[in-house]
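K.L.:
Structure provided below as structure tokens; questions to follow.
Derivation of every value follows stated rules applied to the coordinates shown; laboratory data play no part. In this text, all values refer to a predicted model and were calculated from it rather than measured experimentally. Here Cβ is always computed from backbone atoms with ideal geometry, including for glycine, and neighbour counts include all displayed protein chains.
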Amino acid sequence: MNIAMTSIPVEDVNLAFKFYTEILGFQQHTYLPEYSLAIVASSKENNNTLLMLEPNNNVLSKNYQNGLYQKKIPVITFSVQNIYKEFHRLKDLGITFIKEPTKQDWGIESVFDDTSGNYIQLIEQ
């Protein structure tokens, strides 16, 4: 069994889609702005796990997102081959990091704000 798709809540689907494709480098899978539907895929793999950028237009989703954000808990984790290179690339684009690359027993991690109400963890293992 494999993960086919997962989702994260976002404040504005169109702005999130632009950020995830133009800044983070994900590929467009499905984009129907008139339906607030945006699904992206990793640009590095052929059989991708899809990521739906889901509008947080209900109380449950909004509360979940706000709770994680207030406690500075990442909503999802993305892996990169060179975390220092990606950290500097994103910093140069004006992305706000709440945790710079930090060595852990299992690898290196960093956390940034996705501008859509979420913190995202980057890891290099």
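K.L.:
Please list, ordered by residue number, the strands (runs of 3 or more DSSP E) wholly in the stretch 1-48 having 3 or more residues that are surrounded by fewer than 19 Cβ atoms within 10 Å (Cβ to Cβ) and touching a helix residue (DSSP H, G or I) at 6+ places or on another chain (Cβ under 8 Å).
P.N.:
27-32
K.L.:
I've got another one for you. When you scan the stretch 72-95, how many residues do you find that are closer than 18 Å to Gly25 by Cβ and either within 13 Å of the chain's Cα centre (by Cα) or assigned to a strand (DSSP E or B) (or both)? Working first, answer last.
P.N.:
Here is the first cut: in the stretch 72-95, the residues closer than 18 Å to Gly25 by Cβ are 76-95.
Adding the requirement that they be either within 13 Å of the chain's Cα centre (by Cα) or assigned to a strand (DSSP E or B) (or both) leaves 76-80, 90, 95.
Count: 7.
K.L.:
Mind telling me which of the residues Lys62, Lys71 ends up being exposed (fewer than 12 other Cβ atoms within 10 Å of the Cβ) and either touching a Cys at 6+ places or on another chain (Cβ under 8 Å) or closer than 18 Å to Glu11 by Cβ (or both)? Steps first, please.
P.N.:
On the way: Lys62 fails: exposed (fewer than 12 other Cβ atoms within 10 Å of the Cβ).
The unique qualifying residue is Lys71.
K.L.:
Quick check on the stretch 100-116: of everything there that is charged (D, E, K, R) and loosely packed, with under 15 Cβ neighbours inside 10 Å, which residue is nearest to the chain's Cα centre (by Cα)? Give the derivation first.
P.N.:
Going residue by residue through the stretch 100-116, those that are charged (D, E, K, R) are 100, 103, 105, 109, 113-114.
So of that shortlist, the ones also loosely packed, with under 15 Cβ neighbours inside 10 Å come out as 100, 103, 105.
Details: Glu100: 16, Lys103: 21, Asp105: 23 Å.
Checked the stretch 100-116; the qualifying residue nearest to the chain's Cα centre (by Cα) is Glu100.
K.L.:
Something else now. What residue, of Asn56, Asn48, Asn66, is in contact with a Ser or Thr (Cβ under 8 Å, 6 or more places away or on another chain), touching a residue at least 12 places away in the same chain (Cβ under 8 Å) and not hydrophobic (A, V, I, L, M, F, W, C)?
P.N.:
After ruling out the rest, the residue left standing is Asn48.
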